[in-house]
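Read through the structure below, which is laid out as structure tokens, and then see the notes.
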Amino acid sequence: VQVVSDARRLSDVEWFRDVYGDVVQTVRVVASEETRKRRNWVFVAGVDDTESECGLDQGVAFDWVITNDGDERCLDEQLEPLLQSLRGCL
């Protein structure tokens, strides 16, 4: 299992799928804007609206979408099926 922790563009995901095929699993981690603000995120025009920040907001059907809004139990419940899937690949 290899983990790529920071793909930013559709072409990144397409490259991995082209090279590695069906074994590629894509994971998107999301948090609400309110949670992000609590974590001191502030939108910066010209930075947060560029392809390197939002290039995967459309056009990718992620295999897994994990919500990380600070609820540890909820996060664990979402991660467990993903971890089981990865273990099944070993």
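The values are calculated or read from the model by the stated rules, or taken from the named source; none is laboratory data. Quick caveat, the model's predicted, so the values are computed rather than measured. Glycine also receives a Cβ, built like all others from the backbone with ideal geometry; neighbour counts cover every protein chain displayed. To get the accessible areas, we keep the full protein, side chains included, count just its heavy atoms, and leave off ligands, DNA and RNA. Shrake-Rupley method; radii C 1.70, N 1.55, O 1.52, S 1.80 Å.
So what's the net charge close to Gln58: Lys and Arg +1, Asp and Glu -1, counting the other residues with Cβ under 14 Å from its Cβ?
-2
Label the chain by shape, choosing from rounded, prolate and oblate, from the square roots a ≥ b ≥ c of the eigenvalues of the Cα gyration tensor; if a/c is under 1.5 it is rounded, and otherwise prolate applies when a/b is larger than b/c, oblate when it is not. Intermediate results must be reported in sequence, preceding the final value.
Working: a/c = 2.89, a/b = 1.19, b/c = 2.44.
Here the chain falls in the oblate category.
Given Cα pairs under 8 Å that are at least 6 residues apart, what percent is the relative contact order of the chain?
Relative contact order for the chain comes out at 40 percent.
Leaving out ligands and nucleic acids, note down the accessible area per residue over the chain with a 1.4 angstrom probe, in whole Å².
That works out to 77 Å² for each residue.
Would you kindly find the accessible area of Asp71, with a 1.4 Å probe and non-protein molecules such as ligands, DNA and RNA excluded, rounding to the nearest 10 Å²?
The accessible area of Asp71 comes to roughly 80 Å².
For Val29, enumerate residues with amide H under 5 Å from its amide H, sequence gap 5+ or separate chain, H modeled in the peptide plane.
Residues meeting the criterion, in which the H sits 1.01 Å from N, are Ile66.
Quick check: net charge around Lys37, other residues with Cβ under 15 Å of its Cβ, Lys/Arg +1 and Asp/Glu -1?
-1
Determine the calculated [θ] at 222 nm for the chain from helices alone, applying -39500 (n - 2.57) to every DSSP H run no shorter than 4 residues and normalising by the residue count; nearest 500 deg cm²/dmol. List each step's numbers first, then the result.
Working: 4 runs with 39 residues, N = 90.
Calculated at 222 nm, the ellipticity per residue is -12500 deg cm²/dmol.
What is the log10 of I(q)/I(0) for the range 39-90, computed with the Debye formula using one identical point scatterer on each Cα and no solvent, at q = 0.15, 0.24, 0.29 Å⁻¹?
-0.67, -0.98, -1.05
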